[in-house]
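Enquirer: Before I ask anything, let me first share the structure, which is written out below as structure tokens.
The values are calculated or read from the model by the stated rules, or taken from the named source; none is laboratory data. Worth saying up front: this structure is predicted, and the values here are computed from it rather than measured. Every residue, glycine among them, receives a Cβ derived from its backbone with ideal geometry; neighbour counts consider all protein chains shown.
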Amino acid sequence: MLDQDPHDGAARGGELKTVARALAVLESFTDDHPVWGVTELAQQLGLDKSQVHRILTTLTRHGFTAADPETRRYSLGLRLVELGRRAEWSPGLRTRLAVHVDELAAATGESAVVCVPDGFRYRTLVARDGQGPIRYNTEIGRSYPGHLGASGHAIFALFDASIAHDLLRAEGAEPGPEALAALTARHERARREGYAVSDGEFDPRVTTVAAPLVLGEQVFGSVGVLGPRGHMKEPADRLVAYVLATAGRIVDELRTTHDPAPSRLAPNRD
């Protein structure tokens, strides 16, 4: 339980000032500024140094931040990874997403999925199988290499330019110039068009259309449809329209309960 400043009452609408300050501290850790010292963070937030020190001490005690004993600077803690995974698998989030995934599958007649980044890979968070005798089945929790498939391109195209190299290298070998150029081009096209299409890239039997789910500047994941090559029930342009419309609805849904940090997600580069 977070320590409460005895002088802190409710701010507005029942909001506790101490909790709001602790959240502001956590949200200050971004891709551009992953490590903070107490003094500079206090200056950044316009708070008293002693307040920030107490907040960081408490957060560190509970694993939400970590302190370097030599530099006395702080970074985010592993407890947040655990909570993030719980949030992804929470019934509330998955139920809200499932409504839109079900609608997409019904509208297109194809399997529909929401995928989320997982290091240099991505995995299925919500899935609904398509209808009919010819369809492609996917499973919740399945992991895919980040450099393959429309869902991966839709997600990682919005990361830093160096991500193409990292995605290829994560598969166990230093990428050659041709592979790197090809993946970089795929990402550039996905950024330009706002969606990605893959045809037999991960599985030679499957075509996929996917669009990113972006909250502020944070990539939550992607939504897409996938089906057997040559047997998709709708033409590509109509599938793209369905996917983009669904992506918009999901983002609107997530915004009602999710206040994104002011930076994009970044894979663990360890």
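Enquirer: Go through (1) at pLDDT 95 or above; (2) touching a Gly at 6+ places or on another chain (Cβ under 8 Å) one by one and return the number of the condition residue 145 breaks.
Expert: Answer for residue 145: the failing condition is (1).
Enquirer: A further question follows. For a quick check of your reading of the model, give me the residue pairs whose first member lies in the range 164-178 and is acidic (Asp, Glu), whose second is loosely packed, with under 10 Cβ neighbours inside 10 Å, with beta-carbon atoms closer than 9 Å and at least 6 apart or on different chains.
Expert: Within 9 Å, the pairs are 166/269.
Enquirer: Let me ask something additional. Being in contact with a His (Cβ under 7 Å, 6 or more places away or on another chain), farther than 14 Å from residue 222 by Cα and assigned by TED's automatic domain parsing to the domain that holds residue 125 narrows it down to one of 186, 142, so name that one.
Expert: Unique residue meeting the criteria: 186.
Enquirer: Take the conditions more than 19 Å from residue 114 (Cα to Cα), within 16 Å of the chain's Cα centre (by Cα) and either outside any loop (DSSP other than H, G, I, E, B) or at pLDDT below 90 (or both) and apply them to residue 180. Does it pass?
Expert: In short, no.
Enquirer: Quick check on this structure: which one of 124, 108 is over 17 Å from the mean Cα position of the chain (by Cα) and of a type in the set (Ser, Thr, Tyr)?
Expert: Among 124, 108, only 108 is over 17 Å from the mean Cα position of the chain (by Cα) and of a type in the set (Ser, Thr, Tyr).
Enquirer: Residues of the range 193-230 being at pLDDT 85 or above, part of a loop (DSSP other than H, G, I, E, B) and within 18 Å of the chain's Cα centre (by Cα), which ones?
Expert: Correct list: 194, 195.
Enquirer: Based on what the data block shows, is residue 166 part of a helix (DSSP H, G or I), of a type outside the set (A, V, I, L, M, F, W, C) and surrounded by fewer than 23 Cβ atoms within 10 Å (Cβ to Cβ)?
Expert: Yes.
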